[in-house]
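Down below is the structure, laid out as structure tokens.
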Amino acid sequence: MHFIPLGFVTLSLLLPASALAQGARASSPVELARQAERLKPGEWVWAPEISPKGPVLVTVDLSAQTATVYRNGVRIGVTTVSTGKAGHETPTGVFTILQKDPHHRSSTYNNAPMPYQERLTWDGVALHAGGLPGYPESHGCVHLPLEFSKLLFGTTRLGGTVIVSGRAGALVGGASAGVLDPGGDGRGSHVPLAHDESYRWQPQLSPSGPLTITLSRSDGRAIVMRNGIEIGRARVTLPDQSFETHVLTYVAGTAGTAPHWAYVAVPGHEGDEGRPLDMSVADKARMPEAFRKAVLGAIVPGTTMLVTQASVLPANGGKLTVLASQAAK
């Protein structure tokens, strides 16, 4: 993922609208897209390194005309979309990906190409690359930017879940999604700590699967997800007040070296790749000792840690990175 080049923006003013129907050719790094509703038609953000493994959930917000992708309960991408126009509204509900075809053509609309189609209903509703004028204009499908649809196609699997909600044309009161999967474990939202709680640890809710630890500087919270389900959270104090997003992965030791945390090259931070975490900084982080010990006991090679300025609590609001919003829990 790269900066949108100035030359591309200039060229776009000289080309007919149809040339841009499949969306922007590139997207911005994580920090540059502050909120989902600020993305212009055809723009998108994709940062799969933030949560490399786990179950995938796609949510489509008809009101905001955006789609959000979560993996292992953590937001890894957001895009503008175009959904069904009047008389051909995109249905709301919880759908399963029934079919995937990268070269699909419509059997209803003059053999029209539908690249990277992911079918949601047998009567014609699907996710696929298509026109993105900035408003609902499809015949019921969810149009995505071409490159984003290709990336999403490679990430989802048959049987995956897609949630469509909202109402096209309705006023949008806030951002459509947050840093955490708004559905939590599928049985309810993430539950904030009570005033007298310093931490919560419930590993039995998800005994196995990929582990992701999210640390929010602005909220002073740690959230631990395993296989897409929250198993713990705690009040924390982080020494680094940087507004940048950082992602680390726990690497198994080799040739006599001990296991350690190493930075991952998320968009805009490619120079971080492979750099070990300075443990003197990590040691300054403050959290309940019982929670620290529990988390250390759960960490295995491949565990991912996301450190962000983004909020994971509902009350903070404010201007947040693309991986957060006022709707976060």
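The values are calculated or read from the model by the stated rules, or taken from the named source; none is laboratory data. Note that this is a predicted model, so its numbers are computed, not measured. All Cβ positions, even for glycine, are placed from backbone atoms using ideal geometry, and neighbour counts span all protein chains on display. Accessible surface areas use protein heavy atoms only, side chains included; no ligands, DNA or RNA. Shrake-Rupley method; radii C 1.70, N 1.55, O 1.52, S 1.80 Å.
Roughly how many Å is it from the Cα centre of the range 208-268 to that of the range 55-71, as a whole number?
If we compute the Cα centre of each part, the gap is 23 Å.
Quick check on the range 41-183: of the DSSP beta bridges with both residues there, what percent are antiparallel, nearest 5%?
Bridges in the range 41-183 are about 75 percent antiparallel.
How high is the FRET efficiency from LYS53 to ALA170, r the C-beta distance, R0 51 Å, rounded to 0.05?
The value I calculate is 0.90.
In the neighborhood of ALA222, defined by Cβ-to-Cβ distances under 10 Å, what is the net charge if each Lys or Arg adds +1 and each Asp or Glu adds -1?
Within the 10 Å Cβ shell, the charges total +3.
Given +1 on the Cβ of Lys and Arg, -1 on the Cβ of Asp and Glu, and no further charges, what dipole in debye does the range 205-289 carry about its Cα centre, rounded to the nearest 20?
About 340 debye.
Once amide H atoms are built 1.01 Å from N in the peptide plane, which residues 5 or more positions from SER311, or in another chain, come under 5 Å H to H?
So SER311 has HN proximity to THR321, SER325.
Using the per-residue mean of other Cβ atoms lying within 10 Å as a proxy for protection, in what order, highest first, do the peptides 233-239, 301-307 fall?
So the peptides 233-239, 301-307, ranked by packing, come out 301-307, 233-239.
Taking amide H positions as placed in the peptide plane 1.01 Å from N, state which residues far from GLU230 in sequence (5 or more) or on other chains have amide H under 5 Å from it.
Residues meeting the amide H criterion: ASP185.
With all protein chains present, how much of the accessible area of the range 188-314 (probe radius 1.4 Å) comes from carbon and sulfur, to the nearest whole percent?
Ligands and nucleic acids excluded, carbon and sulfur reach 57 percent.
Amide H to amide H, which residues 5 or more places from VAL142 or on other chains are under 5 Å from it, using H placed in the peptide plane?
When sequence neighbours closer than 5 places are left aside, the close amide H contacts are ALA126, LEU127, HIS128.
Output the peptides 42-49, 157-164 sorted from most to least packed, where packing is the average of other Cβ atoms within 10 Å over each peptide's residues.
42-49, 157-164
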